[in-house]
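Right, one structure below, let's go through it.
The values are calculated or read from the model by the stated rules, or taken from the named source; none is laboratory data. No experiment lies behind these values; they were computed from the predicted model shown. Cβ coordinates were reconstructed from backbone atoms using ideal geometry, including for glycine residues, and neighbour counts include every protein chain displayed. Remember, those area values only see protein heavy atoms, side chains included, never the ligands or the DNA or RNA. Shrake-Rupley method; radii C 1.70, N 1.55, O 1.52, S 1.80 Å.
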Amino acid sequence: MSRNRKLLLMLVLALAVGSQVFASVWIDEISAVKTEDLKSYLSLTQEYQDDNWYKVNSKVSRLLEAEDATLGGGAVVSNKANASGGKVVTGFDQAGAYMEWEFDAPSRGQYEIWLKYSIPCNDADPVVMDITIDGKHLFSETTDLHFNSVKYETAVETLECVEPASDKGNGVPFGFIMEKGKHRIRITNISGEFDLDYIRFSGPVKHFVFTQGETCSDSNGEFEVVKGNAASRGKAVQTTDAPGEWIEWTIDVPEDGLYSLIVRYTQGTRGVESVRSFKVNGKTLFPSWDEVVFYPTDGWSEKRNDWRERRIEDPETRQPYYLYMPKGEITIRMETVSGPLNIDYIGIITRDGEIKGELNFWDYLRMLWQQIIGFFVSFN
Ligand SMILES: [Ca+2]
């Protein structure tokens, strides 16, 4: 083989190897872009259903302390009284700050992710973050998640679920799919600031806790306990139409979470709108709580069941207000603005909670009896 031929062969070989290397790098880059071609959560729900990704049971609940995470980008552990574990992570206030946990998923399924955090002041900018699981985004929304929307009396401490920003407080929280076993969960700051106490992985949290209307304290001690057909335990409290008179109940919050207020009531005077103001722990949390309107039900539950359940909602969006309530006792105060109103019970309920009022055997028997009487009255 001549020298020129050898050189030519070497050149051909070099070109062949070089183009191979170039091609594989190029293909890697293309596929990297492809994995980031993300779909929205909504468009994935059918796929999730087809692949049997069910939401995990509400009893599955795992709490990971922020202070146990691997930290970077300026995030550091700080002591804080009253925080879970006595510590939080601060310095999550600049782009690129991150926290990463290893989460051992107890079963295959869709997990809700909740974050317990506090913001520096009432009107702080929302926190925007990015969440990856095992280094990947599950759906497009995880690159741009907004926090800081839930109100509570302290205003700066909240527990919030990762959910669609457009649908805060009333939508379906995102489900993060994970196979059983260990996963790396990382949150990265895009903008804003918060101190994180812990992160919780769980199924939908369900609670409904209520107290009897008649188990209350009031401004003049003269609120009358009345019998009500189909009332829980057969009794309710009659609140007066005298403006400024109030009635107050105490409720035990079973676990830290988001709850709305629920009232079972009758208002049997036609053409009258009864108005009440509400306070939780002595504070009016929303401007509309100064005048909550109760429209007439069909009667006072004297002959049949006229009770209605109602969550206290935003009058504009008609969606219930969700409040962050820490475990422990709270007080709910209702003050008369105008009109009469009977209260069977008042309670707090989580988004997925089921309303199951406590009707006993005698309540059901009384309802049945009223129905029999009603049948004969209408028959004659
Ligand atoms: Ca903590």
Seminar exercise, completed: Summing -39500 (n - 2.57) over every DSSP H run of at least 4 in the chain, dividing by its residue total and rounding to the nearest 500, the 222 nm mean residue ellipticity is -5500 deg cm²/dmol
Exercise. Out of Thr297, Trp369, Ser232, whose Cα points farthest toward the positive end of the dipole of region 208-374 (charges: +1 Lys, Arg; -1 Asp, Glu; placed on Cβ)?
Worked result: Trp369
Problem set entry | Taking only Cα atoms of region 41-202, radius of gyration then Dmax in Å | 15.2, 46
Exercise. How far apart, in nm, are the 7 Å Cα→Cβ label points at Val60 and Thr331?
Worked result: 4.2
Seminar exercise, completed: Going through Lys235/Lys356; Lys80/Lys206; Lys116/Lys279 one by one, the pairs whose alpha carbons sit over 22 Å apart turn out to be Lys80/Lys206; Lys116/Lys279
Exercise. Once the Cβ-Cβ distance between Lys235 and Gln94 is put in as r, and R0 is 56 Å, what FRET efficiency do you end up with, to the nearest 0.05?
Worked result: 0.45
Exercise. So what is the relative contact order for the chain, in percent, with contacts set as C-alpha pairs under 8 Å and at least six apart?
Worked result: 18
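With both partners inside the chain, how many of the DSSP beta bridges are antiparallel, as a percent to the nearest 5?
Values: 94 of 96 bridges.
So the antiparallel bridges amount to about 100 percent of the total.
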For this session: Calculate, for region 208-374, the solvent-accessible area per residue in square angstrom, rolling a 1.4 angstrom probe over the heavy atoms of the protein chains.
Result: 48
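For region 213-260, run through the trypsin sites (Lys or Arg not before Pro) and keep only the ones in DSSP coil with at most 12 other Cβ atoms within 10 Å of their Cβ. The partial results should precede the final answer.
Numbers: sites: Lys227, Arg233, Lys235; in loops: none.
Those that pass, being in a loop and sparsely packed, number zero.
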Problem set entry | Gained length - Leu8 relative to Asp298, 0.36 nm times residue gap less alpha-carbon distance | 94.6 nm
Exercise. Can you work out ³J(HN,Hα) from phi for every residue in region 42-49, in order, using Karplus 6.51 cos²θ - 1.76 cosθ + 1.60 and θ = phi - 60°, giving whole Hz and x for Gly and Pro?
Worked result: 4, 6, 8, 4, 5, 4, 4, 5
Problem set entry | For the chain, size of Cβ-based charge dipole, Lys and Arg +1, Asp and Glu -1, in debye | 1280
For this session: Calculate the spin-label point distance for Ser219 paired with Glu273, positioning each point 7 Å from the Cα along the beta-carbon direction, and give it in nanometres.
Result: 2.1
Problem set entry | Sites Ile355 and Asn79, calculated FRET efficiency, Cβ-Cβ separation with R0 45 Å, nearest 0.05 | 0.60
Problem set entry | Unit charges on C-beta of K, R, D, E only; dipole of region 41-202, Debye | 500
Problem set entry | Built amide H within the under 5 Å cut-off of Lys87, gap 5+ | Lys80
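Need one word for the chain: rounded, prolate or oblate. Basis is the Cα gyration tensor (sqrt eigenvalues a ≥ b ≥ c); a/c below 1.5 gives rounded, then a/b vs b/c decides. Walk me through the numbers on the way to the answer.
Numbers: a/c = 3.31, a/b = 2.34, b/c = 1.41.
Prolate, since a/c reaches 1.5 and a/b exceeds b/c.
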For this session: Report, please, the projected area of region 208-374 averaged over directions, based on the convex hull of its C-alpha atoms, in nm².
Result: 9.8
